[in-house]
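Student: Please read through the structure below; I'll follow up with questions.
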């Protein structure tokens, strides 16, 4: 039988060499990643790599999840938008660190499966909505932070317009096959963009992004 707790602790120790925000690491240490992957993949749940979750989607590599979450600079009271719920794993981590988490997902089956797992873990500060044609969830804007878990051809204006002043957005930008992870910070004098390194995500589908 797999000792998931020991495997999770080993993963957190591995991540700690690169990730310095202790709150991010502590949040990840509380979330059972094995509950967010298909049963046949659970033996690989704490390997530092992406895993398939069906519908041509993946649960991202833990290091990338930690890096993106750390870049949001969450302190506990923020309202956060996640574009791409996927398995719900990063949703759970963000909900541990923020005041309110709103997540949108375009695959109906993933909306339902993520809700089931997150409800079973007792989260009360998460809303998951089916994705609309316009990226994000305009009804809840503005957001203190936005994280996008799919690659876009450019930084979408529709999402920038949902980001509050001083807010941070982390999004993969590039081709369908390779992207750079960008952190955008809204400032009165103009947005700043920081490159966090190369990455590879599934394509972001919707207005201001890729066509299906």
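Student: Give the percent of DSSP beta bridges with both residues in the chain that are antiparallel, rounded to the nearest 5. The partial results should precede the final answer.
Tutor: Numbers: 16 of 37 bridges.
The antiparallel fraction comes to roughly 45 percent.
Student: Once you have the Cα-Cα distance between residue 30 and residue 13, take 0.36 nm times their residue separation minus that, and quote the gain in nm to one decimal. Before the final figure, lay out the partial values.
Tutor: Details: separation 17, 0.36 × 17 = 6.12 nm, distance 1.36 nm.
Once the chain is fully extended between residue 30 and residue 13, it gains 4.8 nm.
Student: Over the Cα atoms, compute the radius of gyration (one decimal) and Dmax (the largest Cα-Cα distance, rounded to a whole number) for the chain, in Å.
Tutor: Answer for the chain, Rg first and Dmax second: 15.9, 56 Å.
Student: Report the gain in length on full extension from residue 75 to residue 41: 0.36 nm times residue separation, minus Cα-Cα distance, nm rounded to one decimal.
Tutor: Numbers: separation 34, 0.36 × 34 = 12.24 nm, distance 3.27 nm.
Fully extending the segment from residue 75 to residue 41 adds 9.0 nm.
Student: If contacts are Cα pairs under 8 angstrom and at least 6 residues apart, what is the relative contact order of the chain in percent? Intermediate results must be reported in sequence, preceding the final value.
Tutor: On the way: 423 pairs, mean separation 31.0, N = 212.
This gives 15 percent for the chain.
Student: Here is a further query. Neighbour counts of other C-beta atoms within 10 Å: give me 82, 132 arranged from fewest to most.
Tutor: Values: 82 29, 132 14.
Neighbour counts put them in this order, fewest first: 132, 82.
Student: A further question on this structure: Could you tell me the center-to-center distance, by alpha carbons, between the range 41-94 and the range 96-123 in angstrom?
Tutor: With the range 41-94 and the range 96-123 each reduced to a Cα centre, they are spaced 11 Å.
Student: Okay, moving on. For the range 85-210, what is the percent of antiparallel DSSP beta bridges, rounded to the nearest 5? Write out the running numbers ahead of the final one.
Tutor: On the way: 13 of 25 bridges.
Within the range 85-210, antiparallel bridges account for around 50 percent of the total.
Student: Suppose a student asked you for the relative contact order of the range 140-212, using Cα pairs under 8 Å spaced at least 6 residues apart; what percent would you report? Before the final figure, lay out each step's value.
Tutor: Details: 166 pairs, mean separation 22.5, N = 73.
Once divided by the residue count of the range 140-212, the mean separation gives 31 percent.
Student: Rank 145, 109, 92 by mean-square fluctuation in a GNM of the chain with C-alpha springs under 10 angstrom and give only the top-ranked residue.
Tutor: 109
Student: Describe numerically, in nm with one decimal, the distance between label points set 7 Å from Cα along Cα→Cβ at residue 22 and at residue 4.
Tutor: In this crude spin-label approximation the distance works out to 2.7 nm.
Student: Let's test the formula: R0 of 35 Å, r as the Cβ-Cβ distance of residue 134 and residue 195. What FRET efficiency results, to the nearest 0.05? Working shown, then result.
Tutor: Values: r = 27 Å, r/R0 = 0.76.
Computed FRET efficiency for residue 134 and residue 195: 0.85.
Student: Let me ask another. Return the FRET efficiency for the residue pair residue 55, residue 210: r is the Cβ-Cβ distance, R0 is 22 Å, and the value is rounded to the nearest 0.05. Spell out each step's value before the answer.
Tutor: Values: r = 16 Å, r/R0 = 0.73.
My answer for the efficiency is 0.85.
Student: Using Cα pairs closer than 8 Å and at least 6 residues apart in sequence, work out the relative contact order for the range 19-140, in percent. Mind dumping the intermediate values first?
Tutor: Numbers: 181 pairs, mean separation 26.9, N = 122.
The value is 22 percent.
Student: What's the exposure ranking of 46, 89, going from fewest to most Cβ atoms within 10 Å? Provide the component values of the computation, followed by the final result.
Tutor: Numbers: 46 22, 89 28.
Arranged by neighbour count, lowest to highest, 46, 89 become 46, 89.
Student: For 207, 35, 124, what's the fewest-to-most ordering of other Cβ within 10 Å of each Cβ? Provide the component values of the computation, followed by the final result.
Tutor: Details: 207 12, 35 18, 124 7.
The most exposed by this proxy come first: 124, 207, 35.
Laboratory data are not the source of any read-out in this text; all were calculated from the coordinates shown. Bear in mind the structure is a predicted one, so any value in this text is a computation, not a measurement. No Cβ is skipped: glycine too gets one built from the backbone with ideal geometry, and neighbour counts run over all protein chains shown.
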